[in-house]
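Structure first, commentary second.
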Amino acid sequence: MNEPWLAYKNISREQWSEVRSSMIFEHHKWDPRIGDIEVLADFAIIIHEQAWRELASIAEKLSAEIFAAEGELRCRPEFFKQLGLSWKLRWALRGAAKKPVIGAARQIRFDFHWTTGGWMISEANTDVPGGYSEAGALSRLMQQYYSNAEVIGEPAKLLCEKFSAAIDKNTSVGLVHASAYTDDRQVMMYIAKELQKLQIRAELLSPDQIE
């Protein structure tokens, strides 16, 4: 089975040090370690264009399936108990069914893994704001050392542009997150920076500040 990526090469120690410092001080990746293990690699994984298109197609189909299931569930309360949903969630879903779906954009992060059986996913992450600076800033920083690669899409930039098109530019945007966690805070800072590029003022908020 052919691997979907090119053979990788490490960048120099000096180049990686510059990338790491830029991620910390310019792009809010404040803690690039877990214990003593670096979470930022000194190489880029570059996948073939055909593999990228395959992944994009799979992700779009999985998203459509999730949205279709949500739409069905909104109208079929008889399945709530069968699915083992708590009474609080059942109550919330019944209330949601009476209201229109509102949203400028939604995001789902599928965690894909290359296996002997092809592409598999370990999870679809919809509730944790992670991976934006890595997919955007880190990819751009690493690209300068690989002449045969290009960055396809920047999720945070796209999300903010979609959101910007749906609101009044004089609106102040609240970014609600689990403010006690550095991982969440640093991502919200990164997204706030992207919104500021679009002349949108962003306020970082914790859930207990919302009424």
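The values are calculated or read from the model by the stated rules, or taken from the named source; none is laboratory data. For clarity, every value in this text was computed on a predicted model and none was experimentally measured. FYI the Cβ positions are ideal-geometry reconstructions off the backbone, even for glycines, and counts take in every protein chain you see. Surface accessibility is based on the protein's heavy atoms, side chains included, excluding ligands, DNA and RNA. Shrake-Rupley method; radii C 1.70, N 1.55, O 1.52, S 1.80 Å.
The figures follow:
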item	result
Tabulated pairs, segment 29-56, first in contact (Cβ under 8 Å) with a residue 24 or more places away in the chain, second of a type in the set (K, R) and open to solvent by less than 90 Å² (accessible area, probe 1.4 Å), C-beta under 8 angstrom, 6+ apart or interchain	L40/R20; L40/K29
I24 in contact with a Pro (Cβ under 7 Å, 6 or more places away or on another chain) and modelled with pLDDT of 95 or more	yes
Residue in segment 73-81 that is among the acidic types (D, E) and touching a residue at least 60 places away in the same chain (Cβ under 8 Å) present	no
Output for segment 162-211, where each listed residue is on the phi < 0 side of the Ramachandran plot, in contact with a helix residue (DSSP H, G or I) (Cβ under 9 Å, 6 or more places away or on another chain) and open to solvent by 80 Å² or more (accessible area, probe 1.4 Å)	K197, R201
Residue ranges of helices (runs of 4 or more DSSP H) in segment 96-211 with at least 2 members in contact with a His (Cβ under 8 Å, 6 or more places away or on another chain)	182-197
Single condition P155 does not satisfy, out of (1) open to solvent by less than 50 Å² (accessible area, probe 1.4 Å); (2) touching a helix residue (DSSP H, G or I) at 6+ places or on another chain (Cβ under 6 Å)	(1)
